[in-house]
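*Asks:* Before we start, here is the structure in question, set down as structure tokens.
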Amino acid sequence: MNGTALSRVVIVGAGHAGVETAAALRQHGFAGSITIVGEEPDLPYQRPPLSKEFLKSVEDTSLPLKGEAFYVTGDIDLRLGTVAERIDRDRRALVLAGGERIPYDHLVLATGARNRFPPVQGLDPSRVLELRTLAHARALTARLPDLRRVAVIGGGFIGLEVAALLRQRGIEVDVLEAAGRLMGRVLSPAMSDAFRTFHEEMGTRLRLGTVASEIAPRGDGFALTLSDGQALEADAVVVAAGVVPNVELAAAAGLAIDNGVVVDALLLTCDPAISAIGDCAAHPNPYGGDGPIRLESVQNAVDQGKCVAARLTGDARAYDALPWFWSHQGPIKLQIAGLATGADETVTRGDPAGGRFSVFVYREGRLIAVESVNSPADHMVARRLIAAGLSVPPAVAADPATDLKALIPRAA
Ligand SMILES: Cc1cc2nc3c(=O)[nH]c(=O)nc-3n(C[C@H](O)[C@H](O)[C@H](O)COP(=O)(O)OP(=O)(O)OC[C@H]3O[C@@H](n4cnc5c(N)ncnc54)[C@H](O)[C@@H]3O)c2cc1C
């Protein structure tokens, strides 16, 4: 891939990954044309606040990633409210709904993901609430004043963030989680247990190992039948049961798909003129064990955008950024450094009952992830340790007398 030969970059998806790619291209001095095609009508915005600050105030503020001036001064052609319908790989053109063709030298797929609706009898996606877009958040906030009781399907990050905010408004909340523990796909059992306590203390009813088997309209709300045979009534149902990557455009163009658009270490698809990044991309990750993984985080979207922009301007490097995440659930600020894939040991540093602690996660004696609650200093040190390939013996990490920062060599 020779950056100097490129004059037209087209990006599908105006989310965190797509906008960062455009910004980084200009930062690297790319002087060709940049087009971003995004199907949502709003100026590209940050998603994380939708389940956090946005729901706290019912003001309809938008949360732009960049001001309008960024696109004007950067000469970035931002096509909002526009769906990319087809990729003509032979002629290197993106075909928009309506037929317009946008030629490209390089195409970046940053199409993100959409919410998954579990197979529940009677679940009508148009009647329940969900949270992926600003439009969804507006719909949810508009309902807040009328809600007394809400059923949240899914005990992952977003379901629990919403549950905590609903509880802060005095709304009764039942969280249905199919797995036996909260955020089980991502967190260690020790941290899942701590969050179980936090949410129970907030007054949320947690129904673990339980799914809705049927949802039926009842008056202005819903009657739910649960897998344990119990019945539940709710004014509204919020579905937060994970996402599916938006791969249809890539699949129809014949690109490889496996739980996402498959890319190599450079984030290139099997077509050297097409990259895929962010929530939609299944990529090899040095922190993720064998086989491609898909990450759903702002860090990943932004760092992959930067990685592609660097390659397109002549600095091709394998993607190797350390994964990190955050989640705010009521007063609890969770930060995660690294990936807990294949973990076989954990130790806790600090006091869970005191609300400030970290769980250090190990695989075969090596530190692979650190989950911190209200302990930003632990998180920042963990990011540097893990990225530098340094480990801390479990007993040393758990010892409150250990100065973690002192373990980082000056060069790291
Ligand atoms: C409510 C919520 C809270 C979150 N909180 C956190 C958090 O606290 N921390 C964290 O790290 N991450 C969080 N995330 C995840 C994070 O927002 C995502 O990982 C990130 O947005 C991924 O960026 P992306 O650009 O890959 O995809 P997206 O942001 O999903 O953007 C993709 C865009 O592409 C558009 N698109 C798709 N197909 C087409 C097409 N054919 N034509 C045109 N446009 C198309 C989509 O409409 C969308 O606008 C949260 C997500 C949500 C929904």
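*Asks:* All but one of (1) within 15 Å of the ligand (Cβ to nearest atom); (2) touching a helix residue (DSSP H, G or I) at 6+ places or on another chain (Cβ under 8 Å); (3) aliphatic (A, V, I, L, M); (4) part of a strand (DSSP E or B) hold for residue 347, so report the exception by its number.
*Replies:* (1)
*Asks:* Take residue 72 and tell me if it is at pLDDT 95 or above, away from the ligand (no atom under 12 Å from the Cβ) and either under 21 Å from residue 32 (Cβ atoms) or part of a loop (DSSP other than H, G, I, E, B) (or both).
*Replies:* So residue 72 fits the description; yes.
*Asks:* Just to be sure I understand, how many residues within the stretch 351-389 are basic (Lys, Arg) and under 20 Å from the mean Cα position of the chain (by Cα)? Steps first, please.
*Replies:* Step one: list which residues in the stretch 351-389 are basic (Lys, Arg), which gives 356, 363, 366, 383-384.
With under 20 Å from the mean Cα position of the chain (by Cα) added as a condition, the list becomes 383.
Matching residues across the stretch 351-389 total 1.
*Asks:* Sticking with this structure for a sec: For the stretch 381-402, check the following and say yes or no: at least one residue is small (Gly, Ala, Ser), out of contact with any strand residue (DSSP E or B) (no Cβ under 8 Å at 6 or more places or on another chain) and either assigned to a helix (DSSP H, G or I) or in contact (Cβ under 8 Å) with a residue 40 or more places away in the chain (or both). Please lay out each step first, then the result.
*Replies:* First, pick out the residues of the stretch 381-402 that are small (Gly, Ala, Ser): 382, 387-389, 391, 395, 397-398, 401.
Retained after the next criterion (residues that are out of contact with any strand residue (DSSP E or B) (no Cβ under 8 Å at 6 or more places or on another chain)): 387-389, 401.
Narrowing the set further to residues that are either assigned to a helix (DSSP H, G or I) or in contact (Cβ under 8 Å) with a residue 40 or more places away in the chain (or both) leaves 387.
Within the stretch 381-402, one or more residues are small (Gly, Ala, Ser), out of contact with any strand residue (DSSP E or B) (no Cβ under 8 Å at 6 or more places or on another chain) and either assigned to a helix (DSSP H, G or I) or in contact (Cβ under 8 Å) with a residue 40 or more places away in the chain (or both).
*Asks:* Going by the structure shown, is residue 265 in contact (Cβ under 8 Å) with a residue 40 or more places away in the chain and outside any strand (DSSP E or B)?
*Replies:* yes
*Asks:* Please determine whether any residue of the stretch 308-320 is without any contact (Cβ under 8 Å) to a residue 60 or more places away in the chain and assigned to a strand (DSSP E or B).
*Replies:* No, the stretch 308-320 contains no residue that is without any contact (Cβ under 8 Å) to a residue 60 or more places away in the chain and assigned to a strand (DSSP E or B).
*Asks:* Are any of the residues in the stretch 355-364 part of a helix (DSSP H, G or I) and modelled with pLDDT under 95?
*Replies:* no
*Asks:* If you go through the stretch 77-97 one residue at a time, how many are away from the ligand (no atom under 12 Å from the Cβ) and in a loop (DSSP other than H, G, I, E, B)?
*Replies:* Of the residues in that region, 4 qualify.
*Asks:* Would you check which residues across the stretch 21-38 are under 21 Å from residue 296 (Cα atoms), touching a Leu at 6+ places or on another chain (Cβ under 8 Å) and either more than 7 Å from the ligand (Cβ to nearest atom) or not in a strand (DSSP E or B) (or both) and list them?
*Replies:* Hits for the stretch 21-38 are 36, 38.
*Asks:* Another question, then. Just to be sure I understand, how many residues within the stretch 64-99 are among the small types (Gly, Ala, Ser), within 28 Å of the chain's Cα centre (by Cα) and more than 22 Å from residue 30 (Cβ to Cβ)?
*Replies:* Residues in the stretch 64-99 being among the small types (Gly, Ala, Ser), within 28 Å of the chain's Cα centre (by Cα) and more than 22 Å from residue 30 (Cβ to Cβ): 2 in total.
*Asks:* Give, as residue ranges, the strands (runs of 3 or more DSSP E) completely inside the stretch 149-260 that count at least 1 residues that are within 16 Å of the ligand (Cβ to nearest atom).
*Replies:* 149-153, 172-177, 236-239, 243-245
*Asks:* Considering each residue of the stretch 131-148, count those that are part of a loop (DSSP other than H, G, I, E, B) and crowded, with 16+ Cβ neighbours inside 10 Å, and give that number.
*Replies:* Initial filter on the stretch 131-148 (part of a loop (DSSP other than H, G, I, E, B)): 131-133, 147-148.
With the extra rule that they be crowded, with 16+ Cβ neighbours inside 10 Å, the set shrinks to 131-133, 147.
Adding up the residues that qualify gives 4.
*Asks:* Let me ask something else. Of these, 276, 282, 241, 265, which one is under 30 Å from residue 122 (Cα atoms) and touching a strand residue (DSSP E or B) at 6+ places or on another chain (Cβ under 9 Å)?
*Replies:* 241
*Asks:* Of everything in the stretch 98-122 that's near the ligand (Cβ under 9 Å from one of its atoms) and in a strand (DSSP E or B), which residue is surrounded by the fewest Cβ atoms within 10 Å (Cβ to Cβ)? Before you say what the answer is, go through the steps one by one.
*Replies:* Step one: filter the stretch 98-122 for residues near the ligand (Cβ under 9 Å from one of its atoms), giving 109-115.
Restricting the remaining residues to those that are in a strand (DSSP E or B) gives 109, 113-115.
Numbers: 109: 31, 113: 19, 114: 14, 115: 18.
Only one residue fits best here, namely 114.
*Asks:* Here's a follow-up. Would you be able to tell me the number of residues in the stretch 39-56 that are touching a residue at least 40 places away in the same chain (Cβ under 8 Å), near the ligand (Cβ under 8 Å from one of its atoms) and buried (at least 20 other Cβ atoms within 10 Å of the Cβ)?
*Replies:* Counting residues in the stretch 39-56 that are touching a residue at least 40 places away in the same chain (Cβ under 8 Å), near the ligand (Cβ under 8 Å from one of its atoms) and buried (at least 20 other Cβ atoms within 10 Å of the Cβ) gives 3.
*Asks:* Is it true that some residue in the stretch 321-335 is under 24 Å from residue 159 (Cβ atoms), of a type in the set (A, V, I, L, M), more than 17 Å from the chain's Cα centre (by Cα) and within 16 Å of the ligand (Cβ to nearest atom)?
*Replies:* Yes, that holds for at least one residue.
The values are calculated or read from the model by the stated rules, or taken from the named source; none is laboratory data. Keep in mind it's a predicted model, so treat the numbers as computed, not measured. Note that each Cβ is placed from the backbone with ideal geometry, even for glycine, and that neighbours are counted across all protein chains shown.
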